[in-house]
Structure formats: structure tokens, C-alpha cells
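Here the structure comes first, spelled out in C-alpha cells, and everything after it is commentary.
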Amino acid sequence: MSDYVGKYSTAESRWAGVGPYYAMFPVEFADHVVKQYTSLGDTILDPFAGRGTAIFSAAIKGRNGIGVELNPVGWVYSQAKLHAAAKGDVIERLRDIGRLGNRRQSNPRLPVFFFMVLLAGHSAIPANCSQTLELAT
């Protein structure tokens with residue numbers, strides 16, 4: 001447990017390893033290269049930015065980063081790391097989700113498919129799967 005506390009003790013360390021992605025390199029490598037071969041205010045170019053590890057490392061070390069990535073998944077990871085939502089916005093959104101989760105429909109209409117588990121011993125799927133069942137609450 002203590003390994004996780006140190007590893008995730010800062011916002012930078014939590015974002016550094018977010019999300020699996022193919023052909024990624026460790027953030028420690030990017031940190032070392034950025035620190036060793038650049039100075040404050042320098043600009044780095046990563047032509048295969050992936051999930052933005054090098055650019056993120058540059059940003060948290062006071063450098064400018066330019067990244068090129070064709071894969072939309074990598075672009076999303078980079079954007080999430082480099083343009084994180086403000087803490088207050090995240091807290092408010094979580095509260096909104098909580099309020100929405102506590103609401104209850106008085107008479108939800110769900111496809112028959114969701115009730116197949118309830119039909120114990122019945123293995124046939126209805127011919128018209130678009131039917132809905134009314135639920136009393």
C-alpha cells in the first residue's frame with residue numbers, strides 16, 4: 001500500500017500513468033530525457049506523441065511541447081492529461097451524477113431482453129425482442 005501512496009501522491013504522478021496504450025514508454029524515461037537534454041522554456045517535438053507522455057513531462061518541467069498523433073485514442077489521453085478539469089468542476093459534476101443516480105423512474109419501460117434472466121428455466125428468446133414490459137414500483 002505504501003508504494004501506491006508515494007506513486008500517486010501528486011497530481012502529476014497520478015496523470016503520468018493514466019490509461020493503457022500500445023508502444024508507450026515509461027514516464028520516468030521521458031522525465032529523464034526532458035530534464036537531461038532541455039532547459040526551462042525550451043520546446044520539444046514528439047512526432048509520435050501517443051498518449052502524450054513526453055509532452056506531459058515537458059509541461060510539468062516548464063518546457064513547451066509539440067506532439068503529433070494520428071490515433072484518436074492517444075489524442076484523447078493527451079488532452080485529458082494536458083487540459084485537466086478544475087477540481088471544483090469535477091466535484092460539481094460528481095454531485096450532478098449523484099443527484100441523477102438517486103432519481104427513480106416511477107414506471108420504467110425496459111426491453112424484454114433485460115428480463116430474460118428472470119424467466120428461470122425458459123431458454124427461448126421472444127421473437128419480437130423490441131417488446132417492452134411495464135414495471136410497477
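Data table
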{"item": "The stretch 21-61, relative contact order in percent, only Cα pairs under 8 angstrom and at least six apart counted", "result": "54"}
{"item": "Amide H contacts under 5 Å for Asp46, placed H, 5+ residues apart", "result": "Ile66, Gly67, Val68"}
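Taken together, the values in this text are just the output of simple stated rules run on the coordinates, not laboratory data. Note that the coordinates shown come from a computational prediction; the quantities given were computed from them, not determined experimentally.
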